[in-house]
1. Taking segment A:200-220, which residues are within 7 Å of another protein chain (Cβ to nearest Cβ) and of a type in the set (F, W, Y)?
2. So, of the residues in segment B:54-82 that are among the polar types (S, T, N, Q) and more than 7 Å from chain A (Cβ to nearest Cβ), which turns out to be nearest to A:L228 (Cα to Cα)?
3. Please go through segment B:260-295 and pick out each residue that is outside any helix (DSSP H, G or I) and surrounded by fewer than 23 Cβ atoms within 10 Å (Cβ to Cβ).
4. Looking only at strands (runs of 3 or more DSSP E) that lie completely in segment A:1-101, which have at least 3 residues being at pLDDT below 75 and within 13 Å of another protein chain (Cβ to nearest Cβ)?
5. Out of A:D278, A:D322, which single residue is more than 17 Å from the chain's Cα centre (by Cα) and touching a residue at least 40 places away in the same chain (Cβ under 8 Å)?
6. B:S65 passes all but one of (1) assigned to a helix (DSSP H, G or I); (2) outside the structural domain of B:F198 (by TED's automatic domain parsing); (3) over 30 Å from A:L209 (Cβ atoms); which number fails?
7. Could you please find all residues in segment A:333-345 being more than 12 Å from the chain's Cα centre (by Cα), more than 8 Å from chain B (Cβ to nearest Cβ) and part of a helix (DSSP H, G or I)?
Amino acid sequence: MDNIAGSKSSLTWAVHISVALLVALWLFPTVGLFVSSFRTADQIATSGWWSSLSEQESQNPFIRVSGDQVQEGDLYVIEGQLFPETDAEVSAWGTSSREPEAYEPGAVVDLGDGQSLMVNEAGAFRMTSETDMEGTRLPRVFTTATTPPEFTLENYEQVLGGGNGTDSMAQAFISTLTVTIPATVIPIVVAAFAAYALAWMDFPGRALLVAFVVGLLVVPLQLALIPLLKLHLGIGIGKGYLGVWLAHTGFGLPLAIYLLRNYMVGLPRDIIENARVDGATEFQIFTKIILPLSFPALASFAIFQFLWTWNDLLVAKVFLIDATGQTTVMTAKIIELLGTRGGNWEILATAAFVSIIVPLIVFFAMQKYLVRGLLAGSVK
Amino acid sequence: MHPAIMGLLTIAVGVGGCIAYFWGSNQFLDRVLFPAKGPNAGRNINRANMIRPWLFLFPALFALSLYLAYPVFETLRLSMTDRDAGGAFIGLANYIQMADEPKFWEAMRNNMLWLIVVPALSTAFGLLVAQLTDRIGWGSVAKSLIFMPMAISFVGASVIWKLVYDARPPGTDQIGVLNALYVWFTGNDPQQWLTIPFWNNFFLMVVLIWIQTGFAMVILSAALRGIPEETVEAAIVDGANPFQIFFKIKVPQIMGTILVVWTTITIVVLKIFDIVYAMTNGQWETQVLANYMFDKLFRSNDWGVGSASAMVIMLLVTPILVWNVWNARKEMR
């Protein structure tokens, strides 16, 4: 359609712009989470992440005046900084929650009882009193200030280091990894042999078995929850890693067999028959010829299974996580945080990002195999 | 023992065990049971080759039968028994009880909404992106970015979108982009989007559409590439405009693939659980079947009704299952 006279340039522009818009729309939510995970709790709570690069004007929670008093003549004076750590610029301040923006920066305000207070633009304050202030309750200062953009790694320290156990994702990260790796490797081995038999061995009932596998591809795993939990409890596996590995293996097998069989069927017949004529056993043909040639399909399935087990919530909840919560996985941990820390976006965003980052790396590193697997795996 | 070490041990035992099984059983077959030498060598080889496929298949078939086939029948049985009465057979009583619950019908209605909206929009967006990125230089980068949500867990996506839907009290700066835009354009008070009955379903669906569009795009993009150039060129020669080419030449040729994408997403939708569980947990009339089932099984401990609702999901999947099997068998002939 590029050669339709006259319509080319305008249409091409429209295509570029609409693709750019769609990509932006698709990326925007994820970028929001990513940026939020580096912002301080105060900044997340008071402004949208899209304005995180501009200066923030916000009303701060009150700060109580404190410091050592010195005597200047017959006045007692306390001087100090309201924001010792940031370069905030005060635009208005007040001493009561009803009028938090009552005064200009720099104004000297009479607080009664011979006390006066001044807060300047930089957040420095000077409080004077005619009487000794030792042991008295000092006034509160409400400020409206603009602060420069601020990014921090503190959220990650809290979520990963986690002095207090409740926010810590570190343990959940290890648990997830412990679930994922065996649950990815074992089905591949089991499925590869079965796929080879279904692809290259002749025996009665083969077509029926392939149909059986295709049918199981879409059976919802929801049906398996109660019967298998009963089975696991009955034979003594109980809830734990072994149970979840077995469950993931079972649920992953149909796709594994299907993908690998489809791939192996497409391998050239000559190679296999020549090997047979040369006296290779089926076992040798499988390990020396079929397995190395099937690497792309094995990789595709490995990525699928990895993403699926890493991101899984339901199977882990049913077969793994017991009452002690020692083995909780990251998805379940995030659900927990959504309940307990619903408004604390710095914790939520960081925890979510910690759980997302590994699959994202795998995704971008091995996208080629993922796409190939998708194309082979969708039942045509 | 630390679970990570246990994991490594399991890989070693699992993989080693599998390989030992396959190797050992093959050796046993060839050396001991039917050795390919002596007077009956020819007959023995044939016999060994009849048994070998089943050796290769046995572990997989065993796991499939135990973990997927058996549960279908066991769930069917459980759905007709009463757990409190020691598992007595009670016929369809669980189904009747379920049909009396408004929450079940709410879940059914919402599932139907999901079934209509999500596959349609995901496929449509996927087709749109596939077509648009087909001819531009940075198309593969664009596709890669739109495909990215596929790698994100449903739970992670729920957190991402909860931030989008977040609402702060009126008068303060909004940190959720949807409310920020809403307040900016209309000047109304910010809304708690996920608590508005009926419409909140659509806010949940957006999350799944966001994830599944990439999948649809990848498959449809490959299908578009597979269209024979001559058909498009012939249409250009005949003076068709780009829209006619797309809708009248390209789309009909990839109809089969569109159908595959549609049914695949339909299956995902039927099983949708995590998004609803994480974002609303079925409150504010957003219940869906899988979450209803989870509620029944693990919160009310009512295995009868829970199994009955699982059977409803199975029933909804069955037509697709039959269609897939039928197609696969046709292809094998």
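The values are calculated or read from the model by the stated rules, or taken from the named source; none is laboratory data. For clarity, every value in this text was computed on a predicted model and none was experimentally measured. All Cβ positions, even for glycine, are placed from backbone atoms using ideal geometry, and neighbour counts span all protein chains on display.
1. Scanning segment A:200-220 gives a single hit, A:F203.
2. Step one: filter segment B:54-82 for residues among the polar types (S, T, N, Q), giving B:65, B:75, B:79, B:81.
Subsequent filtering for residues that are more than 7 Å from chain A (Cβ to nearest Cβ) retains B:65, B:79, B:81.
Values: B:S65: 12, B:S79: 15, B:T81: 17 Å.
Checking each candidate, the answer is B:S65.
3. Passing the criteria: B:K271, B:F273, B:T280, B:N281, B:G282, B:Q283, B:W284, B:E285.
4. Details: elements: A:56-59, A:69-72, A:75-81, A:89-94.
Passing ranges, in order: A:56-59.
5. Residue meeting the stated conditions: A:D322.
6. Among (1) assigned to a helix (DSSP H, G or I); (2) outside the structural domain of B:F198 (by TED's automatic domain parsing); (3) over 30 Å from A:L209 (Cβ atoms), B:S65 violates only (3).
7. Of everything in segment A:333-345, those that are more than 12 Å from the chain's Cα centre (by Cα), more than 8 Å from chain B (Cβ to nearest Cβ) and part of a helix (DSSP H, G or I) turn out to be A:E336, A:L337, A:G339, A:T340.
To keep it simple, each residue is scored yes or no on (1) surrounded by 21 or more Cβ atoms within 10 Å (Cβ to Cβ); (2) in contact with a strand residue (DSSP E or B) (Cβ under 9 Å, 6 or more places away or on another chain); (3) among the β-branched types (V, I, T).
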residue: A:R206; (1), (2), (3): no, no, no
residue: A:L216; (1), (2), (3): yes, no, no
residue: A:T249; (1), (2), (3): yes, no, yes
residue: A:P254; (1), (2), (3): yes, no, no
residue: A:L267; (1), (2), (3): no, no, no
residue: A:Q284; (1), (2), (3): no, no, no
residue: A:D312; (1), (2), (3): yes, no, no
